[in-house]
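A.B. asks: Got a structure for you, questions after.
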Amino acid sequence: KNQVEQSPQSLIILEGKNCTLQCNYTVSPFSNLRWYKQDTGRGPVSLTIMTFSENTKSNGRYTATLDADTKQSSLHITASQLSDSASYICVVSARSSASKIIFGSGTRLSIRP
Amino acid sequence: EPEVTQTPSHQVTQMGQEVILRCVPISNHLYFYWYRQILGQKVEFLVSFYNNEISEKSEIFDDQFSVERPDGSNFTLKIRSTKLEDSAMYFCASRDTSAEQFFGPGTRLTVL
């Protein structure tokens, strides 16, 4: 069964601290993995996209990693800011199948001053 | 910067009524999608559309749903006879030949 599991479900950290969010998936055959940031009541905004051959991708203070062998990904946020408070969603797509776009439940991140 | 737009931002309707949710994808994009997110739950894929036809649809996308690209800019989702469980945020997304999808801000549909 195609699944995307994220942990933790929620996280609270102080402004300026780093954090790492986890994503495990069982989607097959794998095409790509994306991390999105979703503010409450808004549409998801793409942070990173990684294909099978990519291990790391950065976008400013966001760094995503992918281990296609263990089917795990992480999103590391450096020097967090109050505006980083949002849900972070891991999305995995299966090759040649638009319907196999599986969303994780997200990690709700709260940054406290 | 080009963006996907959706109207209305919030739609309230009575059960059994028809609703049409509208989306204007980014102008040079070729692939279009509808997703929904029930409050507190995951985003779920509904349908993808390319070259004026549905390319794939999920189990959720039953006969009550239809999509249309009536002109060169709009992409619509119609729900023929709304049910209470259709209450959700509906997101439109579009992309060009790359994998990155750009999402609209969503339409919140409330069925009473």
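A.B. asks: Go through the range A:96-113 and report how many residues are of a type outside the set (Val, Ile, Thr), in a strand (DSSP E or B) and away from chain B (no Cβ under 14 Å).
C.D. replies: Final tally of qualifying residues: 3.
A.B. asks: Follow-up. Going residue by residue through the range A:29-38, is there one that turns out to be among the hydrophobic types (A, V, I, L, M, F, W, C), surrounded by 12 or more Cβ atoms within 10 Å (Cβ to Cβ), more than 12 Å from every other protein chain (Cβ to nearest Cβ) and under 29 Å from B:Thr5 (Cβ atoms)?
C.D. replies: For the range A:29-38, residues among the hydrophobic types (A, V, I, L, M, F, W, C), surrounded by 12 or more Cβ atoms within 10 Å (Cβ to Cβ), more than 12 Å from every other protein chain (Cβ to nearest Cβ) and under 29 Å from B:Thr5 (Cβ atoms): absent.
A.B. asks: Give the range A:18-28 a look and list any residue that's under 17 Å from A:Ala64 (Cα atoms) and open to solvent by 50 Å² or more (accessible area, probe 1.4 Å), or say none.
C.D. replies: A:Asn18, A:Thr20, A:Gln22, A:Asn24
A.B. asks: In the range A:39-52, which residue that is open to solvent by less than 20 Å² (accessible area, probe 1.4 Å) and under 15 Å from B:Gly106 (Cα atoms) is farthest from the other protein chains (Cβ to nearest Cβ)?
C.D. replies: Here the answer is A:Pro44.
A.B. asks: Of everything in the range B:89-111 that's touching a Leu at 6+ places or on another chain (Cβ under 8 Å) and assigned to a loop (DSSP other than H, G, I, E, B), which residue is least open to solvent (accessible area, probe 1.4 Å)?
C.D. replies: Across the range B:89-111, the extreme among qualifying residues is B:Asp96.
A.B. asks: Can you pull out every residue in the range B:31-88 that is under 17 Å from A:Gly43 (Cα atoms), outside any strand (DSSP E or B) and more than 13 Å from chain A (Cβ to nearest Cβ)?
C.D. replies: B:Ser87
A.B. asks: Out of A:Ser85, A:Ser93, I need the residue that is within 14 Å of chain B (Cβ to nearest Cβ), surrounded by 16 or more Cβ atoms within 10 Å (Cβ to Cβ) and among the small types (Gly, Ala, Ser). Which one?
C.D. replies: Within the list A:Ser85, A:Ser93, the selection yields A:Ser93.
A.B. asks: Next up: Mind checking whether some residue in the range A:54-65 is part of a strand (DSSP E or B), over 27 Å from B:Glu3 (Cα atoms), open to solvent by less than 70 Å² (accessible area, probe 1.4 Å) and more than 12 Å from chain B (Cβ to nearest Cβ)?
C.D. replies: yes
A.B. asks: Pick out the one residue from A:Ser46, A:Ser31, A:Ser80, A:Ser74 that is touching a Lys or Arg at 6+ places or on another chain (Cβ under 9 Å), touching a residue at least 24 places away in the same chain (Cβ under 8 Å) and not in a loop (DSSP other than H, G, I, E, B).
C.D. replies: Every option except A:Ser31 fails the conditions.
A.B. asks: If you don't mind, there's one more thing I want to ask. Can you name every residue in the range B:47-61 that is open to solvent by 50 Å² or more (accessible area, probe 1.4 Å) and either within 20 Å of B:Leu109 (Cβ to Cβ) or in contact with a helix residue (DSSP H, G or I) (Cβ under 7 Å, 6 or more places away or on another chain) (or both)?
C.D. replies: Once the filter is applied, which keeps residues that are open to solvent by 50 Å² or more (accessible area, probe 1.4 Å) and either within 20 Å of B:Leu109 (Cβ to Cβ) or in contact with a helix residue (DSSP H, G or I) (Cβ under 7 Å, 6 or more places away or on another chain) (or both), the range B:47-61 yields B:Lys57, B:Glu59.
A.B. asks: Being free of Cβ contacts under 8 Å to residues at least 24 places away in the same chain and surrounded by 11 or more Cβ atoms within 10 Å (Cβ to Cβ) narrows it down to one of B:Gln37, B:Gln17, B:Gln64, so name that one.
C.D. replies: B:Gln64
A.B. asks: Quick check on my filter: what residues within the range B:67-81 are crowded, with 18+ Cβ neighbours inside 10 Å and touching a Ser or Thr at 6+ places or on another chain (Cβ under 7 Å)?
C.D. replies: B:Val67
The values are calculated or read from the model by the stated rules, or taken from the named source; none is laboratory data. This one's a predicted model, so the numbers in the text were calculated from it and none came from an experiment. A quick note on method: Cβ atoms are made from the backbone with ideal geometry, for glycine too, and the neighbour counts reach across all protein chains shown. The area values use the complete protein model at the heavy-atom level, side chains included, leaving out ligands, DNA and RNA. Shrake-Rupley method; radii C 1.70, N 1.55, O 1.52, S 1.80 Å.
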